[in-house]
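Beneath this line is the structure, given in structure tokens, with notes to follow.
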Amino acid sequence: MLYEVIIDGKTFRLELNRADSRWSCVLDGRDVEVDALLARPDVLSLRIGNRVYEVKSEPAANEWQLWVGSTRFTAEVRDPRSWRGRSRAEDEHGPKKVSAPMPGKILRLLVREGDDVALGAGIAVVEAMKMQNEIKSPKKGVVRKISVTAGSTVNPGDVLAVVE
Amino acid sequence: MFKKILIANRGEIAVRISRACREMGITAVAVYSDVDRASLHVRKADEAYPIGPAAAAESYLNIARILDVARRSGADAIHPGYGFLSENAKFARACAAAGVKFIGPTAAAMDAMGSKTKARQAMEKAGVPFVPGTSQGVESLEQAEGVAAKIGYPLMLKAAAGGGGKGMRLVRDPAELKRALEAARSEAQRSFGDGEVYIEKAIVNPRHIEMQVLADEHGHTLYLGERECSLQRRHQKVLEEAPSPFVDRDMRRRMGEVAVRVAQAANYTNAGTVEFLVDPEKNFYFLEMNTRLQVEHPVTELITGLDLVQLQIRIAAGEPLPFTQNEVQIRGHAMECRIYAEDPDNNYFPSPGRITLLLPPSGPGIRQDSGMYEGWEVPIDYDPLLAKLIGYGADRGQVIARLARALDEYFVGGIKSNLSLFRRILRDEEFRAARLDTGFLDRMQNRAKDETAHADMAEAAAIAAGVFALLGAPKPNMASERGTGDGPGHGSGISTWKNAGRREALR
């Protein structure tokens, strides 16, 4: 299998094959001696040469995280044959969604639709675990839409507002 | 001895008390709110009773419901843990009226410590040292200048009715006094409807050291040594250790004797903690007394070899303390990390949710008091304390090494936790040199983070990503259905990866 792997924004070209329990691995054109064992579905014991790594897989709200020991990496795997998922359009330009980072209750909204907001300006206050947390604007712009009301309950990833 | 104890609490401390009951052959009765049926403290109890909705006011703080369970279950004592009703004199009175023993001090002792002015008067009589200052509000600038000249700068203006930092001003020199006094007064007036302000000597970046006391119901009061609690964030303790690296044998004895006087002045019984502020010259000043078992009690247990919860139960049952002050020996060093469901990389946002993967540490010198388990959903309704990781060793260096090792074994997946914060603290040079005070965490977080992720780790991650994809595991129970796909540029990654895994599986 040929993969394009993106680790913390850095792209690797990975060719990985398995025959019985033997692995063959070519990383960015280099042969790498690899031996992998799943200790459980989300915990991988990886040997590269004789060096042992314990890798934990953790699907988070909007991304996939891999922990090598206690170091966290954001991971993305693409199968280049499918040529999919290349759209990385909207970052600095265009609308940006403000989403809830945790489940909780909307205590109050700090802006109204049409308001100008600065980067880092408070959008809403969410209460969870007895703590009040201000959700901040990811960019400077105008509040295009507010999708929640004070008092409503939100789940992680729920869109609270859109800033453009 | 009691036959049955109702534990009026939840989470790790309820589990801790349940364990003490089991060890003593006492039946442990749990109570739980609607969102806590699956909580560990219910699983670990002998009996469990629902007490109402998630909101604490309607369950864990509902005196009538809890006493009703005590009656129905036939419990002869109630352990309140910490937080919730543990320092509520009304609850202690209600227990006494219902004929159930409250495991803690008497309501009268709680009252004596609850009111700051009453406590201060009683303590002054007992010769307890306070931070120098005025015990009444200052009337005028002239009076303030007079007091300031006497106690010296820097000083602190504090609202008499205050709390939470409102109406507080640090004054570094005489030129600032006038403006600071006006500002503190008007802020106090606005916040509390009372503009009264008093003056205290400012102890800049003090240490926060507390002394554990135990008093039986036969007039014996002992101290069990101090705990260093200077590592705080927004007045919340983060990491505690015992003994304090700052306290020598003589200072421990002096602090201990003052703590015993404090307890005796209030006719205190059972376990309690006397908190002190300590300045760089090792002067210590009485801050307050906590009339309950503390979160950080395990560090004292490890260095004294005593079981504080069992002792609390024995004292409440009327037994005399089974040892004397001279028999209390401090041995080794212990340290506790409070593991919270919060994200230290994102402004300490709370992070409730399902724990998908839990790899707890073990090995020499490691104790865990935990309220979580894999598969459990951390509710949003309560304090985010998940567990306490406690290390013990011959000396401070060994404890730090053991905890650092244990933290590398520890993994909590599915939710964010502050494990990485502790990894950083334990590596910090200033921490290792024991230069601790309440400003430590801010200083540490202002230092550049050492984020030299080694290149070989990133390569291992890349290869691991491929292996996971090839094996099609784990099935990511992704939030993609409800997800917004607007993560920091990774939105489309998972489903592509999932598809790759599926294609592979079909081959």
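Out of the residues in the stretch B:363-374 that are touching a residue at least 24 places away in the same chain (Cβ under 8 Å) and surrounded by fewer than 17 Cβ atoms within 10 Å (Cβ to Cβ), state the one that is farthest from the other protein chains (Cβ to nearest Cβ).
B:P364
Residue-level check: of (1) modelled with pLDDT of 85 or more; (2) closer than 30 Å to B:F440 by Cβ, B:V204 misses just (1).
Considering the conditions (1) assigned to a strand (DSSP E or B); (2) under 22 Å from B:R234 (Cβ atoms); (3) within 14 Å of chain A (Cβ to nearest Cβ), B:L358 is excluded by exactly one of them, (2). Of note, B:A188 does not satisfy the criterion of being part of a loop (DSSP other than H, G, I, E, B) and at pLDDT below 90. Residues considered: B:P350, B:P360. Of these, the only one that is under 17 Å from A:M129 (Cβ atoms) and free of Cβ contacts under 8 Å to residues at least 60 places away in the same chain is B:P350.
For first residues located in the stretch B:168-179 and outside the structural domain of B:V147 (by TED's automatic domain parsing), partners that are crowded, with 19+ Cβ neighbours inside 10 Å and lie 6+ apart or on another chain with Cβ distances below 7 Å do not occur.
Scanning the stretch A:61-75 for residues that are of a type in the set (S, T, Y) and either more than 7 Å from chain B (Cβ to nearest Cβ) or touching a Phe, Trp or Tyr at 6+ places or on another chain (Cβ under 9 Å) (or both) yields A:S70, A:T74.
Yes or no: B:R93 basic (K, R) and under 30 Å from B:A265 (Cβ atoms)? Even if it seems obvious, please write down each step before you answer.
Values: basic (K, R): yes; under 30 Å from B:A265 (Cβ atoms): yes.
Spelling it out, B:R93 is indeed basic (K, R) and under 30 Å from B:A265 (Cβ atoms).
How many residues are more than 7 Å from chain B (Cβ to nearest Cβ) and free of Cβ contacts under 8 Å to residues at least 12 places away in the same chain if we restrict to the stretch A:40-60? So the count comes out to 6. Can you tell me how many residues within the stretch B:386-406 are surrounded by 23 or more Cβ atoms within 10 Å (Cβ to Cβ) and within 14 Å of chain A (Cβ to nearest Cβ)? The number of residues fulfilling the criteria is 4. Looking across the stretch B:372-416, the residues that are touching a Leu at 6+ places or on another chain (Cβ under 9 Å), within 26 Å of B:G353 (Cα to Cα) and among the hydroxyl-bearing types (S, T, Y) come down to B:Y373, B:Y410.
Do we find that B:A265 is in contact (Cβ under 8 Å) with a residue 40 or more places away in the chain and more than 25 Å from B:L239 (Cβ to Cβ) in this structure? I'd like the intermediate steps shown before the answer.
Values: in contact (Cβ under 8 Å) with a residue 40 or more places away in the chain: yes; more than 25 Å from B:L239 (Cβ to Cβ): yes.
Taking the combined requirement at face value, the residue satisfies it.
Do we have B:A271 as within 22 Å of B:K90 (Cα to Cα), touching a residue at least 24 places away in the same chain (Cβ under 8 Å) and in contact with a Leu (Cβ under 6 Å, 6 or more places away or on another chain) here? It is true that B:A271 is within 22 Å of B:K90 (Cα to Cα), touching a residue at least 24 places away in the same chain (Cβ under 8 Å) and in contact with a Leu (Cβ under 6 Å, 6 or more places away or on another chain). When B:E342 is tested against (1) over 19 Å from B:L293 (Cα atoms); (2) over 17 Å from the mean Cα position of the chain (by Cα); (3) acidic (D, E), just one condition goes unmet, and that condition is (2).
Filter the stretch B:196-235 for residues that are assigned to a strand (DSSP E or B) and of a type in the set (D, E); which is surrounded by the most Cβ atoms within 10 Å (Cβ to Cβ)? Can you show your working first?
Narrowing the stretch B:196-235 to residues assigned to a strand (DSSP E or B): B:197-201, B:207-215, B:221-233.
From what is left, the residues that are of a type in the set (D, E) are B:200, B:210, B:226, B:228.
Numbers: B:E200: 19, B:E210: 26, B:E226: 28, B:E228: 24.
Residue satisfying both the conditions and the ranking: B:E226.
B:A465 meets each of the listed conditions (1) at pLDDT 95 or above; (2) of a type outside the set (F, W, Y); (3) loosely packed, with under 13 Cβ neighbours inside 10 Å apart from (3). Every listed requirement among (1) out of contact with any strand residue (DSSP E or B) (no Cβ under 7 Å at 6 or more places or on another chain); (2) at negative phi; (3) exposed (fewer than 14 other Cβ atoms within 10 Å of the Cβ); (4) not aromatic (F, W, Y) is met by B:G193 save one, (2). Quick one: count up the residues across the stretch A:17-31 that are farther than 12 Å from B:L471 by Cβ, more than 24 Å from the chain's Cα centre (by Cα) and facing another protein chain (nearest Cβ under 7 Å). Total meeting the criteria: 1.
Which of the residues spanning the stretch B:323-370 are charged (D, E, K, R) and over 12 Å from B:Y392 (Cβ atoms)? Lay out the reasoning, then the answer.
Of the stretch B:323-370, the ones charged (D, E, K, R) are B:327, B:331, B:336, B:338, B:342-343, B:345, B:354, B:367, B:369.
Across the stretch B:323-370, the qualifying residues are B:E327, B:R338, B:E342, B:D343, B:D345, B:R354, B:D369.
Looking at B:V238, B:V258, B:V274, which one is within 17 Å of B:V131 (Cβ to Cβ) and outside any helix (DSSP H, G or I)? Unique residue meeting the criteria: B:V274. Could you tell me which of the residues A:A36, A:A75, A:A100 is at pLDDT below 90 and either assigned by TED's automatic domain parsing to the domain that holds A:T149 or out of contact with any Lys or Arg (no Cβ under 7 Å at 6 or more places or on another chain) (or both)? That would be A:A100, the only listed residue that is at pLDDT below 90 and either assigned by TED's automatic domain parsing to the domain that holds A:T149 or out of contact with any Lys or Arg (no Cβ under 7 Å at 6 or more places or on another chain) (or both).
Within the stretch A:43-58, restricting attention to residues that are crowded, with 22+ Cβ neighbours inside 10 Å and out of contact with any Phe, Trp or Tyr (no Cβ under 6 Å at 6 or more places or on another chain), which residue is nearest to A:I7 (Cα to Cα)? Restricting to residues being crowded, with 22+ Cβ neighbours inside 10 Å and out of contact with any Phe, Trp or Tyr (no Cβ under 6 Å at 6 or more places or on another chain), the top hit is A:V55.
Mind checking which residues of the stretch B:299-339 are aliphatic (A, V, I, L, M) and either surrounded by fewer than 19 Cβ atoms within 10 Å (Cβ to Cβ) or outside any helix (DSSP H, G or I) (or both)?
B:L306, B:A317, B:L321, B:V328, B:I330, B:A334, B:M335, B:I339
Of the residues making up the stretch B:407-420, just one is among the charged types (D, E, K, R), more than 7 Å from chain A (Cβ to nearest Cβ) and either more than 20 Å from the chain's Cα centre (by Cα) or closer than 15 Å to B:L239 by Cα (or both), namely B:E409.
Looking at the stretch B:392-442, what helices (runs of 4 or more DSSP H) fall wholly within it and have at least 3 residues that are closer than 18 Å to B:Q232 by Cβ? Can you show your working first?
Values: elements: B:396-409, B:419-427, B:429-432.
Answer list for the stretch B:392-442: B:419-427.
The values are calculated or read from the model by the stated rules, or taken from the named source; none is laboratory data. Everything numeric in this text was worked out from a predicted model, so none of it was measured. Neighbour counts are summed over all protein chains in view; Cβ atoms, including those assigned to glycine, are modelled from backbone coordinates with ideal geometry.
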